[in-house]
Amino acid sequence: MRRTGRAGWLKGVALVAVAGLTLAACGSDNNSGSTSTPPPTATAPTSAGSTAPTDASTGESTAPTGDTGSETTGENTAPPAASTGIVLANGTEPQNPLIPTNTNEVGGGRILDLIFSGLVYYDAKGAPINEVADSIESTDGQNYTIKLKSGWKFSNGEDVTASSFVDAWNYGALATNAQLSASFFEPIVGYDDVSFCEEGKGPVGEDGTPGCLPAPKAQTMTGLKVVSDSEFTVALTSPQSDFPLRLGYSAFFPLPKAAFSDMKAFGEAPIGNGPYMIGGDGWQHNAQIDLVPSPSYTGGQVPQNGGVTFTFYDGYEAAYADLQGGNLDVIDNIPPNALATFQTDLGDRAVNQPAAVFQSFTIPQKLAHFSGEEGKLRRQAISLAINREEVTSIIFSSTRTPAKDFTSPVIAGWSDSLPGSDVLNFDAAKAKDLWAQADAISPWDGKFTIGYNSDGGHKEWVDAVCNQIKNNLGIDAEGNPYASFAELRADVTDRKIKGGFRTGWQADYPGMYNFLFPLYSTGAGSNDGDYSSADFDKLMKEGASAATVEEGTAKFSEAQQILFKDLPAIPLWYANVTGGSSTAVSNVEFGWNSVPLYYEITKN
Amino acid sequence: MLWYIGRRLIQTIPVFIGATFLIYFLVFKLPGDPVAALFGDKPVNPAVAAQIRAEYHLDRPFIVQYLLYLKGTLHLDFGTSFATRRPAIDSISQAFPVTVKLGLMALAIEAVFGITLGVIAGLRKGGIFDSTILIASLVVIAVPVFVMGFILQFLVGIKLGWLSPTAGPNAPLKNLILPAIVLASLSMAYVIRLTRASVAENLSADFVRTATAKGLSRRRVNVVHVLRNSMIPVVTFLGADLGALMGGAIVTEGIFNVQGIGRLLYNSIRASDSVVVVGTVTLLVVVFLISNLLVDLLYAVLDPRIRYV
């Protein structure tokens, strides 16, 4: 009797355990859900960054370390002897089908960048180099004539023509195709019609965003016109001299005719015109993808290896272990637990260089004591009171690079010595002097604060910067923590925040305009400090309607000199990309968007 | 017996419906707009978002969405994920075999080593071996699984280079040894302690004294009488553990890059991808129910006094 009694009791335990598991499973759904849905932190930087200010704490990206120094086209001059080994690289499972206009994250982006070639591609310094384009010309920055090189083919043998581009762009922009990168076509004339949706008709979003039923008034954009097989024109709604800079982004890639008949199948096994094509067993979901050099490729990004295999990882810890264990050749991000040691682990195979991520703190124009002449003096004093080298080396183990301007070193045209940039150099005596001058206009009272979100590892540097301000200016300064990035942004957006607050920006494309216009021009979407300068706006406008990218960049650099005087935001540092490679490979260089230039890598 | 099994199988139907409903509801209630999340940190394009919502019924009320899903499953269509645009069954059927391999390896490790060590410790209760095992298992229970994972990965995988530090894409058995050991370690410690206590208790039971008094050899007493009777709690634990090993391997799968169910579940929850989450969890619940049924049937084998009618 005792036996059976016990067995019955055990059965009871088993049943409780069943219930326990079911509940535990549900419970863990809930937990991981709520901890992993939060705002825009960990979305790994794609070549398209954010249009919203990034929570740039996770800023990990790139730029050249061992610059080979040759002018713009590094690899065209003297290509190293090609190797035949397969380069093993880390990746993440692409979150969307591999369709250029529907891929907006780095997992799919890095693959598309290798199997497709756009009109231009970017070298390691972020400079655009003509790829399929023979020339991209404009006299007014608004109407572009694009001529294509002849002889380009997709890997299925189809010619790459002007229609390959125009059809692909029209497909990407049409609302009913629901492409995630559709908004990249916004500057083109006719975008409003193809993306038109009837407000108030469609389903209402969960967060209450008004419904909107896609009802395109046209199927194609009138701003795109095919002139011949090798030429097409693009009309923009306003002058944007840096439009050619954007054309290397994946949304602007061409598509073969085969794509349009069955886009779903195409997304699983895309056919491109790039240096590589999908080989081996194709796209093995959640596991890996094998890329092999494409025999039909004739462009400038000639593969120097026998192929690239991306193994998909969820975290960088396992990838880093594989790199150390010899199962992986290149890693494009160092996990937090190895940040302190990776430079010793990897020696000169470690990569730690600035990325296209700019970090700062903004002081609102309306804040008491921070407007007019007094404000200028105080802003400059605060900037001079911060020792950026000290903070980046001690707090960030040198994984940030002190800022020299308002953009990023990976942008073509960047300079570390723009006139006026000395306001970013530490000078306690001058800071004190300027602060005293401001006090003469109106005496300082109260406390200076910097708002930040405490969930992103910002407390340490905010405290350090506040202490420097406190010690060097003799005023009261401290951090103003918010529980989450979303809460901080809500207060910033509603202009409720009192004091300064941290801001960050990650570029969509390697252009100076993208770092300046959205942040500091009057009334712009991300101008959180409500900065307004007629001179700055004028230079932005002149730069945007310049005939060439270079002329535009010159104007934008001039505009930065105004910012150095007014300091609407205090530049702090650029986030670095961290990565590395194993001894099995050489010639590892990272692109402007923090992704290695895989085609250049040679296998030893 | 058959009637009993049939009845148990019929019982899984309400559990199936209840589990799918509950999980679907929980995923539905996750904070944040999953379609907006597809755009990453870029502004949401309202026309595109509306198109995706309509295509995957995400604009419908919860109950309609759930009934549509249930209707699909009856036609053996387990839904298409709006996040990956792939049929959920594809993702699941790819990840499941890997997790089954890993789970069974871990189960084998914990059963073989756990029971062996536990029996020895139980038979030599109070000895040096027993004390050592008790302390060692206590240490294993106290150390979090990710610490164990990273240490073993670093020592065995990277420093010594005996085994691959990660499982990799096709997860060959050899590469799963390390994650299986880590996954098994905690349960193994419990199995050791459970077996030890059970054996020690049975050694002083009446029927053992009787058997010894009958003049049976010590070996026969231990194997036939003590061991067999000590196995019931251990088998219960192992059966319940199989489900936990499969569903609870998220941390281990992450450390060793095992492309299994845990990882799939984690990613799908992050994307609020209900069809994949529901499909995966339901599968785990079914595995759990079946392994429990097997455990119950094993009772009858271990203890002839238990009969199912």
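Computed values, structure above
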read-out	value
Condition met for A:I363 (of a type in the set (V, I, T) and touching a Leu at 6+ places or on another chain (Cβ under 8 Å))	yes
Boolean, B:M188 is modelled with pLDDT of 85 or more, touching an Asp or Glu at 6+ places or on another chain (Cβ under 7 Å) and more than 9 Å from chain A (Cβ to nearest Cβ)	yes
Members of the stretch B:32-50 found to be of a type outside the set (G, A, S), in contact with a helix residue (DSSP H, G or I) (Cβ under 6 Å, 6 or more places away or on another chain) and free of Cβ contacts under 8 Å to residues at least 24 places away in the same chain, listed by number	B:V44, B:N45, B:V48
Strands (runs of 3 or more DSSP E) enclosed by the stretch A:426-529 - at least 1 residues per element that are farther than 26 Å from A:F564 by Cβ	A:447-453, A:476-482
Breaking point among (1) surrounded by fewer than 21 Cβ atoms within 10 Å (Cβ to Cβ); (2) modelled with pLDDT of 95 or more; (3) not aromatic (F, W, Y), for A:P254	(1)
Total residues in the stretch A:150-170, condition touching a Ser or Thr at 6+ places or on another chain (Cβ under 8 Å) and either free of Cβ contacts under 8 Å to residues at least 40 places away in the same chain or assigned to a strand (DSSP E or B) (or both)	1
Top-ranked residue of the stretch A:397-425 - restricted to ones that are part of a loop (DSSP other than H, G, I, E, B) and of a type in the set (D, E, K, R), ranked as surrounded by the most Cβ atoms within 10 Å (Cβ to Cβ)	A:D405
Yes/no for A:D332 being surrounded by fewer than 18 Cβ atoms within 10 Å (Cβ to Cβ) and at pLDDT below 95	no
Among the candidates B:I5, B:I23, residue that is at pLDDT 75 or above, away from chain A (no Cβ under 11 Å) and out of contact with any strand residue (DSSP E or B) (no Cβ under 9 Å at 6 or more places or on another chain)	B:I5
Qualifying residue in the stretch B:29-42 (condition: more than 11 Å from every other protein chain (Cβ to nearest Cβ), under 27 Å from the mean Cα position of the chain (by Cα) and more than 30 Å from A:P216 (Cβ to Cβ))	no
Test: B:S291 is in a helix (DSSP H, G or I), within 11 Å of chain A (Cβ to nearest Cβ) and not aliphatic (A, V, I, L, M)	yes
Subset of the stretch B:246-276 (residues that are within 7 Å of chain A (Cβ to nearest Cβ), outside any helix (DSSP H, G or I) and either at negative phi or among the aliphatic types (A, V, I, L, M) (or both))	B:F256, B:Q259
Residue in the stretch A:331-352 that is touching a Pro at 6+ places or on another chain (Cβ under 7 Å) and part of a loop (DSSP other than H, G, I, E, B) present	yes
Matching residues, the stretch A:566-591, being part of a loop (DSSP other than H, G, I, E, B) and over 19 Å from A:R388 (Cβ atoms)	A:S582, A:T583, A:A584, A:N587, A:V588, A:E589, A:G591
Filter result (modelled with pLDDT under 90, farther than 17 Å from A:L213 by Cβ, assigned to a helix (DSSP H, G or I) and hydrophobic (A, V, I, L, M, F, W, C)) within the stretch A:171-198	A:F184
Residue count for the stretch B:74-125, restricted to those that are surrounded by fewer than 16 Cβ atoms within 10 Å (Cβ to Cβ), hydroxyl-bearing (S, T, Y) and not in a helix (DSSP H, G or I)	0
Any hit, the stretch B:294-307, residues being within 21 Å of B:T20 (Cβ to Cβ) and more than 7 Å from chain A (Cβ to nearest Cβ)	no
B:Q51 vs. criteria within 25 Å of the chain's Cα centre (by Cα), crowded, with 16+ Cβ neighbours inside 10 Å and within 7 Å of chain A (Cβ to nearest Cβ)	no
Filter result (within 14 Å of chain B (Cβ to nearest Cβ) and surrounded by fewer than 24 Cβ atoms within 10 Å (Cβ to Cβ)) within the stretch A:154-174	A:Y171
Single residue of the stretch B:192-213 satisfying the filter (within 30 Å of B:V139 (Cα to Cα) and free of Cβ contacts under 8 Å to residues at least 40 places away in the same chain) that is surrounded by the most Cβ atoms within 10 Å (Cβ to Cβ)	B:N202
Single residue of A:F536, A:F517 found to be farther than 21 Å from A:N130 by Cα, surrounded by 18 or more Cβ atoms within 10 Å (Cβ to Cβ), without any contact (Cβ under 8 Å) to a residue 40 or more places away in the chain and within 20 Å of the chain's Cα centre (by Cα)	A:F517
Test: residue in the stretch A:428-438 that is touching a helix residue (DSSP H, G or I) at 6+ places or on another chain (Cβ under 6 Å), under 18 Å from A:P568 (Cβ atoms) and at pLDDT 90 or above	yes
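Listed here are the residues, each with its yes/no results for (1) modelled with pLDDT under 90; (2) crowded, with 23+ Cβ neighbours inside 10 Å; (3) among the β-branched types (V, I, T).
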{"residue": "A:A82", "(1), (2), (3)": "yes, no, no"}
{"residue": "A:Q95", "(1), (2), (3)": "yes, no, no"}
{"residue": "A:G107", "(1), (2), (3)": "yes, no, no"}
{"residue": "A:R110", "(1), (2), (3)": "no, yes, no"}
{"residue": "A:G151", "(1), (2), (3)": "no, no, no"}
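Conditions tested, residue by residue: (1) under 30 Å from B:V147 (Cβ atoms); (2) surrounded by 19 or more Cβ atoms within 10 Å (Cβ to Cβ); (3) modelled with pLDDT of 85 or more.
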position: B:G215; (1), (2), (3): no, no, yes
position: B:L242; (1), (2), (3): yes, yes, no
position: B:G248; (1), (2), (3): yes, yes, no
position: B:E253; (1), (2), (3): yes, yes, yes
position: B:V258; (1), (2), (3): yes, yes, yes
position: B:D273; (1), (2), (3): no, yes, no
position: B:V277; (1), (2), (3): yes, yes, yes
position: B:V281; (1), (2), (3): yes, yes, yes
position: B:V309; (1), (2), (3): no, no, no
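This table checks each residue for (1) in a loop (DSSP other than H, G, I, E, B); (2) away from chain B (no Cβ under 14 Å); (3) buried (at least 22 other Cβ atoms within 10 Å of the Cβ); (4) not aliphatic (A, V, I, L, M).
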| site | (1), (2), (3), (4) |
| --- | --- |
| A:A259 | no, yes, yes, no |
| A:D281 | no, no, no, yes |
| A:L291 | no, yes, yes, no |
| A:G299 | yes, yes, no, yes |
| A:Q304 | yes, yes, yes, yes |
| A:T309 | no, no, no, yes |
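The values are calculated or read from the model by the stated rules, or taken from the named source; none is laboratory data. It should be emphasised that the depicted structure is a prediction, and the values quoted were computed from it without experimental measurement. When we count neighbours, we look across all protein chains shown, and the Cβ atoms used for this are built from the backbone with ideal geometry, even at glycine.
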